[in-house]
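Each reported figure results from applying straightforward, stated rules to the coordinates on display, with no laboratory input. This is a predicted model, so every value here is computed, not measured.
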């Protein structure tokens, strides 16, 4: 089991409640916000408001009527899951669809704050990170992050090189151009093509929308890697629905990505960008 101990976080006098929940490893910041919207979080017995600031040294925070104590911080856990189709990447689904947490054993499924990092849509399969490290989740899902994600994509038809080059240079989706991507043909099949697509951003349904716009809709989408973390490797050959703990080297890789993000952000602030 790979773990990575961190010293407890010191908070300023008042902090947004969703940040405290995330920093203590209960859920990602996005999931914490969803908990607040679902009326599951209370401050001193009163329902919390999104963005509400609290003093973690004085105010009593409860989630599902369970007290979030000051010293509560579970051991940090980092998992790689082979997500099957038909599962949603969330902790709680209002539509009662199966969630990726249901693929974990009971001892990991609840009580430790483990949550998915980012998303794969319900029809997509492959590599998905899960953790209870709120700082890591926030960094990896930040819009400015640049960790690569590699996909094996089956599309209808045979896109010519000119179309693949357009995809590489960026597609305008919802009025905003995507970042440059790496796109190459893996295999030409009857009436279909297999492509490898490597992205450095994670806009919602980006590959599916890009392929649809180019005229070659996606049939299957499978994520094979997150940065250097491979779904199939010498470490383990995961099968659909299986998971494994990340190695120390893999955890260090992710943390270096976060450090680089913060370094770049501070550099931009210093330059007044």
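Express in whole angstrom the spacing between the alpha-carbon centres of region 235-255 and region 133-206.
22
Which of these, 176, 83, 19, has the largest mean-square fluctuation under a Gaussian network model of the chain (Cα springs below 10 Å)?
Top of the fluctuation ranking is 176.
Report the residue, chosen from 241, 118, 45, that carries the largest GNM mean-square fluctuation when the chain is represented by alpha-carbon nodes joined by springs under 10 Å.
Result: 45 has the largest fluctuation of those listed.
I'm spelling it out carefully: the read-out is mean projected area of the Cα convex hull in nm², the candidates are (i) 17.8; (ii) 16.4; (iii) 14.9, and one was derived from this structure. Which label?
(ii)
Using the Cα gyration tensor of region 23-100, with a ≥ b ≥ c the square roots of its eigenvalues, what is the shape: rounded (a/c below 1.5), prolate (a/b larger than b/c) or oblate (neither)?
It is oblate, given that a/c is not under 1.5 and a/b is not larger than b/c.
Report, to the nearest 10°, how far helix 248-271 tilts away from the longest principal axis of the Cα atoms in the chain, using its own Cα long axis and a range of 0 to 90°.
Tilt relative to the chain: about 80 degrees.
Got the relative contact order for region 149-226 handy, in percent, Cα pairs under 8 Å and 6 or more residues apart?
It rounds to 47 percent for region 149-226.
Looking only at 87, 138, 39, which one moves most when the chain is put into a Gaussian network model with springs between Cα atoms under 10 Å?
Answer for the Gaussian network model of the chain: 39.
Got the relative contact order for region 15-67 handy, in percent, Cα pairs under 8 Å and 6 or more residues apart?
About 36 percent, as a whole number.
Over the Cα atoms of region 9-159, Rg to Rh with Kirkwood Rh, two decimal places?
Rounded to two decimals, Rg/Rh equals 1.02.
With contacts defined as alpha carbon pairs under 8 Å and 6 or more residues apart, what's the relative contact order of the chain in percent?
Relative contact order for the chain comes out at 20 percent.
For region 100-154, just say rounded, prolate or oblate: build the C-alpha gyration tensor, square-root its eigenvalues into a ≥ b ≥ c, call rounded for a/c under 1.5, and beyond that prolate if a/b exceeds b/c, oblate if not.
Here region 100-154 falls in the oblate category.
Quick check: from the Cα gyration tensor, does region 15-67 come out rounded (a/c under 1.5), prolate or oblate?
Values: a/c = 1.36, a/b = 1.12, b/c = 1.21.
Rounded, since a/c falls under 1.5.
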